[in-house]
1. Rounded to the nearest whole Å², what accessible area per residue is found for the chain with the 1.4 Å probe?
2. Using +1 at the Cβ of each Lys and Arg and -1 at the Cβ of each Asp and Glu in segment 180-273, identify which of Pro197, His240, Thr269 lies farthest towards the dipole's positive end.
3. Before anything else, pin down the relative contact order of the chain: Cα pairs under 8 Å, at least 6 apart, normalised by residue count, whole percent.
4. Given a Förster distance of 51 angstrom, what is the FRET efficiency for Arg146 paired with Asp91, based on the Cβ-Cβ distance and rounded to 0.05?
5. Which of the lysines could a cross-linker span from Lys134 if the Cα-Cα distance has to be under 23 Å and same-chain partners fewer than 8 positions apart are dropped?
6. How big is the charge dipole of segment 262-376 about its Cα centre, in debye rounded to the nearest 20, if each Lys and Arg gets +1 on its Cβ and each Asp and Glu gets -1 on its Cβ?
7. Highest mean first, how do 87-93, 204-210, 22-28 rank when packing is the count of other Cβ atoms within 10 Å averaged over residues?
8. For the chain, give the magnitude of the charge dipole about the Cα centre (Cβ charges: +1 Lys/Arg, -1 Asp/Glu; no others), in debye to the nearest 20.
Amino acid sequence: MKTTVTYDVVIIGGGPAGLSAAISLLQKQELSVLVIEGQAIGDELIGENCPPNTILLLKQLRVAKAFYKGNHAPCPGYASVWGRADVGYNDFIVNPLGPSWRLDRKAFDSMLADEARRLSAQIHWSTQFLDAVKVEKGYALRLRDRIANAEYKVNARFVVDASGANSRFAKAIGISKIIEDRLFASIRIASIAEGKPSKQIQIEAVPEGWWYNAALPDNRIITMMLSEKENIAALQDSQHEGFEAQLANTNFIAERLKKLKLKEHQYYTRPVYSGILPVIEGKDWVAIGDAASSYDPIAAHGIHKGISDGIRVTSKILAFFNGEEELNSFSAFVNERYVNYKKNRDYVYAIEQRWYDAPFWNKRIMNPLEITYANNGYK
Ligand SMILES: Cc1cc2nc3c(=O)[nH]c(=O)nc-3n(C[C@H](O)[C@H](O)[C@H](O)COP(=O)(O)OP(=O)(O)OC[C@H]3O[C@@H](n4cnc5c(N)ncnc54)[C@H](O)[C@@H]3O)c2cc1C
């Protein structure tokens, strides 16, 4: 029988949060670190837009040079039809940290994985975390190698849940996320056969939700609609006619897309949760990134938040291994940040008053937090 290997730290999830945590930890202390990732190298990754200050985090991870050498495209700003019928512009021209970025996500995550491995992290790709049992010194984790279709176990003295919005490890130890808003993203990624896309990210509100359109650095374009479950069936017919029809009904984005000839359309659907774990950390485990708190993509902050958590959590993990106690300061930070995120999200949705009676908008602009925000004098 295979011996069960014990690692100091097992990180569940090889997204921006998990890989950043591996890099940040190994930069500071020699530990045995295993990252478990359910997907295979090269699988499609959705979500590419990150704010200018992401570069500061990449410098902390010492991967900024590799980042600048990569195929990531600067984004000069946003063009949005939101709260009014004409286009508003929000440029990064005066930001001292430069533009925001449209990432080549596969290359970006590979860059982080390469750095984590260079610092001696092991990464088990195509490996699913199944469940965990508390043992005397840490946890016994049951995993499944999806390629060999075989189960195996590893022991972890400390576990990092970086498994994304479904918080798999927290769930396995009996902690369920508080989900307070649930959306669905219907996504189309297409290759550009002819034409030059705008470098700006485009956003357009419609009665059923909102659209997002952005050119990706590898001559592709991502177009997605964020709406509620009720609209998904209409968007998801087998030929994607519903998606195309709703897209054709937009004013601004459809016009921009008409200037391009597209081919090789791929469609995806992803759930999007706004939510937070009621318990984010224990003595020998912690949740980071989307596993701890997940945001509406309107915030465009998920990747930045993941990397930032990966770096910030290092002191807690090192305190555990060095016999010091760090009392829930990570949770306090995540909770406070979540409250701010909700205020900002509610403020952004409240700007759009044109379809007050439409269920999507009515539900969001009636949110009592928006009233708190207004009472605080922000509006
Ligand atoms: C449609 C959509 C568009 C988005 N667009 C943007 C955007 O433009 N900009 C932005 O900043 N954010 C965006 N986000 C949010 C962003 O993708 C996340 O916030 C960010 O990826 C969080 O990083 P993470 O590492 O915490 O989690 P993730 O990136 O979700 O990584 C978690 C990893 O854990 C793995 N995993 C899950 N369960 C298991 C398991 N049981 N076993 C092993 N591995 C497991 C997953 O395969 C995944 O790779 C978007 C989200 C969605 C849904």
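The values are calculated or read from the model by the stated rules, or taken from the named source; none is laboratory data. Please read these numbers as outputs of a predicted model, since none were measured by experiment. Counting neighbours? That spans all protein chains shown, and the Cβs are built from the backbone with ideal geometry, glycine included. Areas reflect the complete protein model, heavy atoms only, side chains present, ligands, DNA and RNA absent. Shrake-Rupley method; radii C 1.70, N 1.55, O 1.52, S 1.80 Å.
1. 46
2. Projecting each Cα onto the dipole axis, the largest value belongs to Pro197.
3. With pairs under 8 Å counted, the relative contact order is 20 percent.
4. Step by step, r from the Cβ atoms, then E = 0.70.
5. Lys2, Lys153, Lys171, Lys177, Lys283, Lys316
6. Here the size comes out at about 380 debye.
7. 22-28, 204-210, 87-93
8. Around 600 debye, computed over the chain.
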